[in-house]
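Derivation of every value follows stated rules applied to the coordinates shown; laboratory data play no part. Owing to the predicted nature of the structure, the values given are computational and were not obtained by experimental measurement. So basically every Cβ, Gly included, is an ideal-geometry build from the backbone, and we count neighbours across all protein chains shown.
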Amino acid sequence: MPLSARELFARMIRCEAEGEGDNGMKAVATVVMNRVHVPYGEYMRVNQGDLRKVLLQPYQFTCAMETVYGEYNPQNIYNIPARQEDYDVADWALAGNKHFGVGECLWYYNPFQEGCSTYFPRTRTGVYYNRIVNHCFYSPTPLYAQT
């Protein structure tokens, strides 16, 4: 039986932000929900407001990929079960709540270093907005609307 969208979301939150506490997990969850609700650009065109489609859109979240750079990725949403705290954050986000430090950001990544790049992804569709725990967050530039 396929996993529900809620289950996938809770697993994604854990996989992407485990160890970053409630603050980091809510920030990641907010970006996912921003992608669900963005009214323009690639995420609206491709996913049409569907959480499952956002979570499983190819090449978007490392945790949704079973292989990365041709190697098996053991840290993925299919191997990592959700805990109660992950469901709590998922339910919080599904209820319409947003992390105050994320705004309308559509991207995040962990640079595994101190600084954050000015733009992300390479297409310059996102510009640096804020850093929360280990992740850098990016809000859409006008270029995103053309995607």
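Some observations on this one:
- Screening the candidates TYR72, TYR109, TYR78 for the property of being of a type in the set (Phe, Trp, Tyr), closer than 17 Å to PRO140 by Cα and surrounded by fewer than 22 Cβ atoms within 10 Å (Cβ to Cβ) yields one hit, TYR109.
- Taking residues in the stretch 1-19 that are under 10 Å from ALA90 (Cα atoms) and in contact (Cβ under 8 Å) with a residue 12 or more places away in the chain, and partners anywhere that are surrounded by fewer than 17 Cβ atoms within 10 Å (Cβ to Cβ) and of a type in the set (Ser, Thr, Tyr), not one pair has Cβ atoms closer than 7 Å while being at least 6 places apart or on different chains.
- Residues satisfying the stated conditions in the stretch 89-145, i.e. closer than 23 Å to GLU7 by Cα and among the aromatic types (Phe, Trp, Tyr): TRP92, TRP107, TYR108, TYR109
- Restricting the stretch 93-147 to residues that are assigned to a loop (DSSP other than H, G, I, E, B) and of a type in the set (D, E, K, R), the residue that is nearest to GLY24 (Cα to Cα) is LYS98.
- Residue within the stretch 71-86 that is within 25 Å of TYR128 (Cα to Cα) and either assigned to a loop (DSSP other than H, G, I, E, B) or of a type in the set (Val, Ile, Thr) (or both) present: no
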